[in-house]
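**Q** Following this message is one structure expressed as C-alpha cells.
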Amino acid sequence: MSVAQDPFSLSGKRVLVTGASSGIGRQIAITCSQVGAELVISGRNPERLQETKAALQGEDHLAITADLSQQEGIDQLVAVADTLHGVVHAAGISKLVPFRLINKQHLTDIFDSNTFAPMLLTRDLLVKKRIAQNGSILFISALASHSGAVATGAYAASKSALLGAMRSLAIETAKQGIRANCIAPGYVRTPMLDGLAQGGANMDELIARTPLGIGEPEDIAHAAVFYLSDASRCLSRHYTFIDGGLSIPLDIYA
Amino acid sequence: MSAQAFSLQDKTILVNGMASGLGQVIAQACSQRGAKVLPAAQPRQPIHGLVHCVDHALECAVADLSEAELTRLFHSNVVQPVMLTQQLLQTDSLAPNASIVFLLSTAAHMGAKGQGAYAASKAALLGMIKCLALEQAAQGIRVNGVSPRADEAIWPDVANSVIFLLADASRWITGTSLLINGAGSDSASRSQMETGAAA
Ligand SMILES: NC(=O)c1ccc[n+]([C@@H]2O[C@H](COP(=O)([O-])OP(=O)(O)OC[C@H]3O[C@@H](n4cnc5c(N)ncnc54)[C@H](OP(=O)(O)O)[C@@H]3O)[C@@H](O)[C@H]2O)c1
C-alpha cells in the first residue's frame, strides 16, 4: 500500500496542535509528524515548545509561543496559521478546588484556557478561512466532564461545555466537509497528572481503577491521528472516552 | 513506529460473517493492511482480532412483531456472535491483547419507528461489550463495536474504523462503540444531523 493511498497517513496535511509544549499535546505533535503531517505547534513556555519542535520528524514545522487565554495570543497564532487540514485543541489546565471554595477568578481562569480559548481560536480560524475543505477539528475534553470527580466542579464544567460547542460547530461546518469531534481521556501519564497528585489526590488508588492501567500520551496521540486522518472521514460529532475502560462501570448515566 | 501502530502486520483476524457484503469489504481491508484473515477458527492458530459482521435487519412496528421473528433476530444478531466469542475464550484461542469488534448500528443508540427489534438486538451488544470489556481487561483483551448508519456507500469507512479498533493504535480503548454517522458528507446524513434540537 503506498503512503499516498494510506487512509491513516497525514502526509500532505498541515495540523495545528495547541498545548504542544507538554504532555498529550506534545505527543500528538510528534506522532502526527511521524505519520507525515506538517505541524504548527503552540504553547506558552518557549523552551519546552522548542524541545517539542526538535523532536518532530521532518522539516518545515512552525512553533508559535502564545497564551491562548488572551485574544492577542489567538491573533498571533491565526496570523501565521495558513491553510490547516487539522486542528487539535490540546491546551488546557486543571486544578482541584472543592465546590465551596470556587470563586469567580477560579472559574474565569479555568474557562479562559479550557473552553473559551479553543472556541475562540476555532471561530477565528473559520472566519479567516484557515481551515481547508474536509478539515478535521479535534477537541480534548476529559472523562471528568461526565464523571465530575470530587473537587473538579470548574474543570468538569469547562470540559463538558466543549461537548455542546463541538456538536453545534459540527453541524455548522458539515457543508464544507469540515468535521468536529471530541475525545475525552481518562488518566494519562503527563505533567498535569503529576500536578494533581501534588494537589493531594491519591492518584495511585484512582489509577488502579483503570481496567487497562494508566494511559500513555501515545494512546491519545494515536486516537488523534485517527480523527485527523481520512480513515475517519465519515465520523463527526463524536464524543469518545479514551480511558482504558475506566468509565465502563461508572455511574455517569444517571 | 507510529505508522506501525495502524498496521495489522503479523495479526491473525477472524471475520465472523465474512460472506456478507460488509464482511467481504472488512476482510479485504484487513488483509490489505497486512493481516492474515480467517473465516473460522483453526486449531493452534492464536487470534489477535475477532470481527463480528453478522447483521440481520428487520423492519416491523413493535405492535406487529411476532415472538418467532424477535427470537430469530436475537439469535442471529446476538446469540451467534456472543457464543462464538465465548467458545474462542473457552478454548484459549484469543491471544493476549486481542481485540474484539462487534457490529452494531446507529439504531443501537437512536430510536426510529419500525426498528424496535433490530435496535434492541444491537443495543444488547452494547451491554455485552461493556461487561465483557471489564471481564477481559486483565488479559489485555479489548472489546468494542462499530455503529454505522445503514448505507453501503460508507462500508470502506466502516472497515477503516474496524482496522483502527483492531490495531495497536487503539490499545487503550475498550468498552465503546464508534458511531459512523456519515459526518454530514451526503444530504441524508446532513439532514439527520441538522434535526438536532435547540431545546
Ligand atoms: N493528563 C490527563 O490525565 C488528562 C486527562 C483528561 C484530559 N486531559 C486534557 O488533555 C489536555 C492536555 O493535558 P496534559 O495532561 O498534556 O497537560 P499538561 O502536560 O499540563 O499540558 C498542558 C498544555 O496546555 C498548554 N496550555 C495551558 N493553558 C494554556 C493557555 N492559556 N494558552 C496556551 N497554552 C496553554 C500548556 O502550555 P505551557 O506548559 O507551555 O504553559 C501545555 O502545553 C488538557 O486539555 C487536559 O485537560 C488530560
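Where a number appears in this text, it was derived from the coordinates with a stated rule and is not lab data. Keep in mind it's a predicted model, so treat the numbers as computed, not measured. Here Cβ is always computed from backbone atoms with ideal geometry, including for glycine, and neighbour counts include all displayed protein chains.
**Q** Which residue out of A:HIS89, A:HIS146, A:HIS106 is out of contact with any Cys (no Cβ under 7 Å at 6 or more places or on another chain), within 14 Å of another protein chain (Cβ to nearest Cβ) and within 15 Å of the ligand (Cβ to nearest atom)?
**A** Numbers: A:HIS89 fails: within 14 Å of another protein chain (Cβ to nearest Cβ); A:HIS106 fails: within 14 Å of another protein chain (Cβ to nearest Cβ).
Only one candidate passes the filter, namely A:HIS146.
Yes/no per residue for (1) within 6 Å of the ligand (Cβ to nearest atom); (2) within 13 Å of chain B (Cβ to nearest Cβ):
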| residue | (1), (2) |
| --- | --- |
| A:THR31 | no, yes |
| A:ALA37 | no, yes |
| A:ASP67 | yes, no |
| A:GLN70 | no, no |
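**Q** Restricting to helices (runs of 4 or more DSSP H) lying wholly in region A:171-239: which have 1 or more residues that are under 22 Å from A:GLN34 (Cβ atoms), more than 11 Å from chain B (Cβ to nearest Cβ) and free of Cβ contacts under 8 Å to residues at least 24 places away in the same chain?
**A** Working: elements: A:191-198, A:203-208, A:217-228.
Here the list is empty.
**Q** Name the single residue that is farthest from the ligand (Cβ to nearest atom) among those in region A:212-232 being aliphatic (A, V, I, L, M) and closer than 21 Å to A:ARG14 by Cα. Quick ask: steps written out before the conclusion?
**A** Going through region A:212-232, the residues aliphatic (A, V, I, L, M) turn out to be A:212, A:214, A:220-221, A:223-225, A:228, A:231.
Filter once more, keeping what is closer than 21 Å to A:ARG14 by Cα: A:220-221, A:223-225, A:228, A:231.
Numbers: A:ILE220: 7, A:ALA221: 11, A:ALA223: 12, A:ALA224: 11, A:VAL225: 16, A:LEU228: 16, A:ALA231: 22 Å.
Ranking the candidates gives A:ALA231 first.
**Q** So which residues in region A:109-124 are without any contact (Cβ under 8 Å) to a residue 60 or more places away in the chain and either away from the ligand (no atom under 13 Å from the Cβ) or not hydroxyl-bearing (Ser, Thr, Tyr) (or both)?
**A** Just the residues of region A:109-124 that are without any contact (Cβ under 8 Å) to a residue 60 or more places away in the chain, to begin with: A:109-116, A:119-120, A:122-124.
If the condition is that a residue be without any contact (Cβ under 8 Å) to a residue 60 or more places away in the chain and either away from the ligand (no atom under 13 Å from the Cβ) or not hydroxyl-bearing (Ser, Thr, Tyr) (or both), then A:ASP109, A:ILE110, A:PHE111, A:ASP112, A:ASN114, A:PHE116, A:MET119, A:LEU120, A:THR122, A:ARG123, A:ASP124 are the ones that fit.
**Q** Moving to a separate point now. Looking at region A:126-141, is at least one residue touching a His at 6+ places or on another chain (Cβ under 7 Å), of a type outside the set (A, V, I, L, M, F, W, C) and within 11 Å of the ligand (Cβ to nearest atom)?
**A** Checked against the condition, which is being touching a His at 6+ places or on another chain (Cβ under 7 Å), of a type outside the set (A, V, I, L, M, F, W, C) and within 11 Å of the ligand (Cβ to nearest atom), region A:126-141 yields no hits at all.
**Q** Continuing with this model, one more query. Give the residue, chosen from B:ALA188, B:ALA159, B:ALA153, B:ALA197, that is aliphatic (A, V, I, L, M), in a loop (DSSP other than H, G, I, E, B) and more than 7 Å from chain A (Cβ to nearest Cβ). Even if it seems obvious, please write down each step before you answer.
**A** Numbers: B:ALA188 fails: in a loop (DSSP other than H, G, I, E, B); B:ALA159 fails: in a loop (DSSP other than H, G, I, E, B); B:ALA153 fails: in a loop (DSSP other than H, G, I, E, B).
None of the others qualify; the one that does is B:ALA197.
**Q** If you don't mind, another one. Can you tell me which residues in region B:1-40 are within 26 Å of B:ASN77 (Cβ to Cβ), touching a helix residue (DSSP H, G or I) at 6+ places or on another chain (Cβ under 6 Å) and among the hydrophobic types (A, V, I, L, M, F, W, C)?
**A** Those that are within 26 Å of B:ASN77 (Cβ to Cβ), touching a helix residue (DSSP H, G or I) at 6+ places or on another chain (Cβ under 6 Å) and among the hydrophobic types (A, V, I, L, M, F, W, C): B:LEU8, B:ILE13, B:VAL15, B:MET18, B:LEU22, B:VAL25, B:ILE26, B:ALA29, B:VAL37.
**Q** Conditions first: (1) within 23 Å of A:PRO249 (Cα to Cα); (2) more than 10 Å from the ligand (Cβ to nearest atom); (3) buried (at least 16 other Cβ atoms within 10 Å of the Cβ). A:ARG209 passes all but one, so which condition is the exception?
**A** Every listed condition holds for A:ARG209 apart from (3).
**Q** Please enumerate the residues belonging to region A:168-191 that are buried (at least 19 other Cβ atoms within 10 Å of the Cβ) and either closer than 28 Å to A:LYS104 by Cβ or within 10 Å of the ligand (Cβ to nearest atom) (or both).
**A** Matches in region A:168-191: A:LEU169, A:CYS182, A:ILE183, A:ALA184, A:PRO185, A:GLY186, A:TYR187, A:VAL188, A:THR190.
**Q** Follow-up. Every residue in region A:39-62 that is more than 11 Å from the ligand (Cβ to nearest atom), of a type in the set (Gly, Ala, Ser) and touching a strand residue (DSSP E or B) at 6+ places or on another chain (Cβ under 9 Å), please.
**A** A:GLY58
**Q** If you take the residues of region A:240-252 that are within 9 Å of chain B (Cβ to nearest Cβ) and away from the ligand (no atom under 14 Å from the Cβ), which of them is farthest from A:GLY148 (Cα to Cα)?
**A** Only one residue tops the list, namely A:GLY245.
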